[in-house]
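Single-structure report; data block below.
Computed from the coordinates by the stated procedures, all read-outs in this text should not be read as laboratory data. Just so you know, these numbers come straight off a predicted model, no measurement behind them. Virtual Cβ from ideal backbone geometry, glycine too; neighbours counted across all protein chains shown.
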Amino acid sequence: MMTDVVESSGSPARHDRPEDTNPTGAAAARTGTDDSAAAERIVAIRERIDEIDRTIIALWQERAALSQEVGATRMAAGGTRLVLSREREILERFRQALGADGTQLALLLLRAGRGPL
Ligand SMILES: C=C(O[C@@H]1C=C(C(=O)O)C=C[C@H]1O)C(=O)O
């Protein structure tokens, strides 16, 4: 029978799984499965995911600081705070590499570099 489960994203998803086979043990609480081989692999993959996330956060912060420094340097020299042609290049780079999500990501990156407008 179909059962409703709430996945970690918070959105409900439907699975063909009898209620009495829902994973319920301690490993399942951490990884979403009672299968020990799968749980072990998931834990290993998550270590790399966590490493990647730390790198992304550090790079995000470095980029924002550099972008703010460019803006401050330019304004101190009498230039503009933003250069829209350069921003368009960056949006296009991310769109080409990642599609529509890339555009959204680039918009967030550019916003982080601007600080409050
Ligand atoms: C960092 C710069 O200044 C601003 C910020 C940008 C960015 O975060 O990439 C790009 C263009 C400018 O609007 C730059 O001109 O390179």
**Q.** Separation in nanometres of the label points that stand 7 Å from Cα toward Cβ, at residue 105 and residue 93
**A.** 1.3
Q | Peptides ranked, highest mean first, by Cβ atoms within 10 Å: ranges 98-105, 51-58 | A | 98-105, 51-58
Q: Please list 34-42, 76-84 highest first by mean number of surrounding beta-carbon atoms within 10 Å per residue.
A: 34-42, 76-84
Q) Using modelled amide H (1.01 Å from N, peptide plane; none on Pro or chain starts), what sits under 5 Å from the amide H of residue 34, excluding residues fewer than 5 places away? A) none
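Compute the length gained on full extension between residue 65 and residue 81: take 0.36 nm times their separation in residues and subtract their Cα-Cα distance, giving the result in nm to one decimal. Please report the intermediate quantities before stating the final value.
Values: separation 16, 0.36 × 16 = 5.76 nm, distance 1.43 nm.
That pair, residue 65 and residue 81, stretches by 4.3 nm at full extension.
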Q: Give, in nm to one decimal, the length gained when the segment between residue 55 and residue 34 is fully stretched (0.36 nm per residue of separation minus the Cα-Cα distance).
A: 4.5 nm
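Semi-axes of the equivalent ellipsoid for the range 48-117, please: Cα gyration tensor eigenvalues, times 5, square-rooted, ordered largest first, whole Å.
Numbers: eigenvalues 113, 55, 13 Å².
For the range 48-117, the ellipsoid semi-axes come out as 24, 17, 8 Å.
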